[in-house]
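The values are calculated or read from the model by the stated rules, or taken from the named source; none is laboratory data. A quick note: this is a predicted structure, and the numbers were derived from the prediction, not measured. Here Cβ is always computed from backbone atoms with ideal geometry, including for glycine, and neighbour counts include all displayed protein chains. Note: areas computed on protein heavy atoms with side chains; ligands, DNA, RNA excluded. Shrake-Rupley method; radii C 1.70, N 1.55, O 1.52, S 1.80 Å.
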Amino acid sequence: MFAVSEGTLRANGLDFNLAEAGDGPPVLLLHGFPDSWYLWRHQIPALVGAGHRVIAPDLRGFGKTDKPAEVADYRMRTLVADVVGLLDALGIDRAAVVGHDWGASLAWVVAMFAPDRVARLAAVSVGHPMAYADAGLLQWRASWYMLWFLFPGVAEQTLPARDWAFFRRWAWNGAAPGQDPDADRQIADLSRPGALTAGLNWYRANIRPATFVTSDADERALPSVSCPTMGVWSSDDFAITEQQMTGSERYVTGPWRYERLDGVDHWVPVHAPERLSELLVDFLG
């Protein structure tokens, strides 16, 4: 048995809520939108049991972590500084990094621009940013909601309407209240003052309508990832196509591994917990 300790840690000018458990080689778990460290509750015991020290923060704007008000406070370079700052505050020189959804996007960029801090990378659902941009029409169609999220106030009015009916249809396959505890948990989190706007600011700070379906010069200049990398994609994902994950291999110079989970939706950590835990334990060693 082990205990998960939850507390506050100051990094990059914010107070971060994070969960930590275990001893051994460190693993940093990064959740996405709209979530918290609790997304990883099934993977934490598996990784601790395999001999790892596991750190799972609520990222900027989510969970119990601080929620800056300005869109600019959520730009990717600031998010990367959060991760580096957390590692510094924890006294960790180098960690394996695992991310899902926006957490996966962030993990890729950390591995690109702070490669000395990332021992291994596991990206769940979302591939390398350049592979995502190059994935074509099917991916652009699946990502339609990102453009809608960019309009201030619109998503804030529409998503909570009628007990979050649209959010339940779009993100959770129409799960009714009480049907899926993780859908209810996310909605409870987003219902707190300022939480929905803070989560949407990840999109507003990092998605540009003018380059939504193209890779501009800055994106083309993104470096490859040199550490061992595993991409995990699920066949029933409503927002992410397989091509953006398989295409990520072109941007990895280290060892590459791809795993496809059939019959699983976007919420891999909670809807395929045992399979994902097995993959992570095997990959992280």
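Listed by first and then second residue, the pairs linking a residue in the range 70-85 that is closer than 16 Å to residue 18 by Cα to a residue that is part of a helix (DSSP H, G or I), with Cβ atoms under 7 Å apart and 6 or more places separating them unless they lie on different chains, are 79/106; 83/106; 83/110; 84/117. The set of residues in the range 183-201 that are open to solvent by 10 Å² or more (accessible area, probe 1.4 Å) and not aliphatic (A, V, I, L, M) comprises 184, 185, 189, 191, 192, 193, 194, 197. Among the residues of the range 149-163, just one is among the aromatic types (Phe, Trp, Tyr) and under 20 Å from the mean Cα position of the chain (by Cα), namely 149.
Test residue 87 against the criterion of being part of a helix (DSSP H, G or I) and open to solvent by less than 20 Å² (accessible area, probe 1.4 Å), and give yes or no. Considered against the rule, which asks whether it is part of a helix (DSSP H, G or I) and open to solvent by less than 20 Å² (accessible area, probe 1.4 Å), residue 87 comes out as yes. Please specify each residue of the range 188-222 satisfying the condition of being small (Gly, Ala, Ser), out of contact with any helix residue (DSSP H, G or I) (no Cβ under 6 Å at 6 or more places or on another chain) and modelled with pLDDT under 80. Within the range 188-222, 210, 217, 221 meet the criteria. Restricting the search to the range 265-276, which residues are in a helix (DSSP H, G or I) and open to solvent by less than 10 Å² (accessible area, probe 1.4 Å)? Matches in the range 265-276: 268, 269, 276. Total residues in the range 154-176 satisfying the condition of being on the phi < 0 side of the Ramachandran plot, surrounded by 16 or more Cβ atoms within 10 Å (Cβ to Cβ) and assigned to a helix (DSSP H, G or I): the figure is 5.
If you go through the range 248-264 one residue at a time, how many are more than 25 Å from residue 95 (Cα to Cα) and not in a loop (DSSP other than H, G, I, E, B)?
The qualifying residues number 1.
Across the range 105-153, the number of residues qualifying as surrounded by 24 or more Cβ atoms within 10 Å (Cβ to Cβ), of a type outside the set (A, V, I, L, M) and not in a helix (DSSP H, G or I) comes to 3. Taken over the range 65-100, the criterion of being under 29 Å from residue 42 (Cβ atoms) and of a type in the set (Ser, Thr, Tyr) is satisfied by 65, 74.
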